[in-house]
Amino acid sequence: MQVLIDPISGLGINAILDLDKQSIGYAAVFNLAEDLGMDSHGYSWAVSSFYFGQLIANYIFIYAMSRLPIARFVGISVMLWGILAGSLAAPGNFGGFAAVRFLLGFAEGAVQPAFVIITSTWYKKSEHTFRVAGWVTCNGVAQILGALIMYGVGLSGSTAIATWRIMFLVCGGGTLLAGGLFTWLMPLGPDTAWFLNDTERVIATQRLSVDRLSKEQTTFSKSQVWEFLKDHRAWLLVLGAFCNTLASPVIKFATLVINGFGWSKLNTMLVSLPAGVIQIIFIWAVVIGIRVTSIPRCAWGIFATLPPLIGNIGVAALPQSSKWGIVVCTWLATVLSPAMVVFLSLIASNIKGNTKKAAVSNGYFVFYAAAAIAGPQLWTDKPRYTKGVIADLVALGGNIVVFTLF
């Protein structure tokens, strides 16, 4: 199962979707805002519009996912996502671009929650942690792929259409293809897996039976909702979602910071590559550290917060002449996924009861979306984006407070 299910369900699709989400940051270096008549505020709203769509879609698709075959639902959603990602190449003004970004976020709202269900369909609870870490790793993979694709497109020189439009067409085409392959190859479950024989299907199904027999009751519990409202530790996790996400716009703006300090467009793509590598290294350092040491997870969470904290301080404080120093600091500033892994693991391990878990998860997502919408609005003052960097520092300080109090 690992040979097929992991690549097509988690790693492949998530890497492509993360690439689509991050592509706006690479396109911005190649005159996206100028071509569409956007000022810095317009670009920030274009980034935020995605998360308005995602916030609305989450609640609609939760119902749809409970009524439809999840694998087919995801495959069709990813193909729709690919069409919309490619459509970002079409608009000629801010309004059209922001509208497509909103629809893109709406389509994405169906995909991420669905992978949680798919994981539980194929793997035992004890096997979930490394799968989730694999998904989060895709964020770093997407940073690398995006920079390489944009560099390759930029090398072509003069083209019939703008370079950034080609970037969106390439990403959209790749996503559409991935969605088609997912729909074709992904079985509905272990009992219908085309790559297993009859005996293997029985084994694959039975190995999940212990988890399924031990599942808690799925009836709604008012007492658990009240328990959530009174549980300060649950609210700390929700606050952690807000803080960590509020610091995340730097991922979309890092290339603009680098470009704004004198790097050419193509060189900006090249020097941004190590950010993805550093992200991946820290994710797995934290995951393995949690797994093999007795150090508390909250201590690992504080450790995971230090790289972006140091990076943002450097972006704010280094002199403009220190070009490489600023580049290295942007690499560190984008290392936000490791802390997210810790927050998710704390929810999984410390929140008991289905209704309470659902309440915490919904609260986590609402605060995540609110921060994702609000954060980019502070990134408007080029080239150092001081207000955004200060907001990042405050948010990361909030991370440390949350981990300390938890």
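Being more than 30 Å from Ala234 (Cα to Cα) and part of a helix (DSSP H, G or I) is the filter here, so list the residues in the range 316-351 that pass it.
Just the residues of the range 316-351 that are more than 30 Å from Ala234 (Cα to Cα), to begin with: 316-331.
Passing the criteria: Ala316, Ala317, Lys323, Trp324, Gly325, Ile326, Val327, Val328, Cys329, Thr330, Trp331.
Looking only at the range 34-52, which residues are in contact with a helix residue (DSSP H, G or I) (Cβ under 7 Å, 6 or more places away or on another chain), surrounded by fewer than 19 Cβ atoms within 10 Å (Cβ to Cβ) and closer than 22 Å to Val170 by Cα?
None - no residue of the range 34-52 is in contact with a helix residue (DSSP H, G or I) (Cβ under 7 Å, 6 or more places away or on another chain), surrounded by fewer than 19 Cβ atoms within 10 Å (Cβ to Cβ) and closer than 22 Å to Val170 by Cα, so the list stays empty.
Show me the helices (runs of 4 or more DSSP H) entirely contained within the range 1-114 in which 2 or more residues are of a type in the set (Ser, Thr, Tyr) and at pLDDT 90 or above. Before you say what the answer is, go through the steps one by one.
Numbers: elements: 12-29, 32-35, 40-65, 70-87, 94-108.
Helices (runs of 4 or more DSSP H) meeting the threshold: 40-65.
Please specify each residue of the range 148-198 satisfying the condition of being among the polar types (S, T, N, Q), surrounded by 17 or more Cβ atoms within 10 Å (Cβ to Cβ) and within 19 Å of Asp35 (Cβ to Cβ).
Thr163
If you go through the range 230-282 one residue at a time, how many are of a type in the set (A, V, I, L, M, F, W, C) and within 19 Å of Thr404 (Cβ to Cβ)?
Of the range 230-282, the ones of a type in the set (A, V, I, L, M, F, W, C) are 234-239, 241-243, 246-247, 250-251, 253-254, 256-258, 261, 263, 266, 269-271, 273, 275, 277-278, 280-282.
Still in the list and also within 19 Å of Thr404 (Cβ to Cβ): 234-239, 241-243, 246-247.
Result for the range 230-282: 11.
Any chance you could count how many residues in the range 211-245 are at pLDDT 80 or above and β-branched (Val, Ile, Thr)?
Selection size over the range 211-245: 2.
Can you confirm whether the range 175-185 contains a residue that is under 20 Å from Ala28 (Cβ atoms), touching a residue at least 60 places away in the same chain (Cβ under 8 Å) and assigned to a helix (DSSP H, G or I)?
To start, the set of residues in the range 175-185 that are under 20 Å from Ala28 (Cβ atoms) comprises 175.
Then drop every residue that is not touching a residue at least 60 places away in the same chain (Cβ under 8 Å), which leaves 175.
Now narrow it down to the ones that are assigned to a helix (DSSP H, G or I): 175.
Yes.
When you check Ser321 against the structure, is it farther than 26 Å from Glu227 by Cα and modelled with pLDDT under 90, yes or no? Let's see the steps before the verdict.
Working: farther than 26 Å from Glu227 by Cα: yes; modelled with pLDDT under 90: yes.
In short, yes.
The values are calculated or read from the model by the stated rules, or taken from the named source; none is laboratory data. Quick caveat, the model's predicted, so the values are computed rather than measured. As a convention, Cβ positions derive from the backbone with ideal geometry for all residues, glycine included, and neighbour counts pool all protein chains shown.
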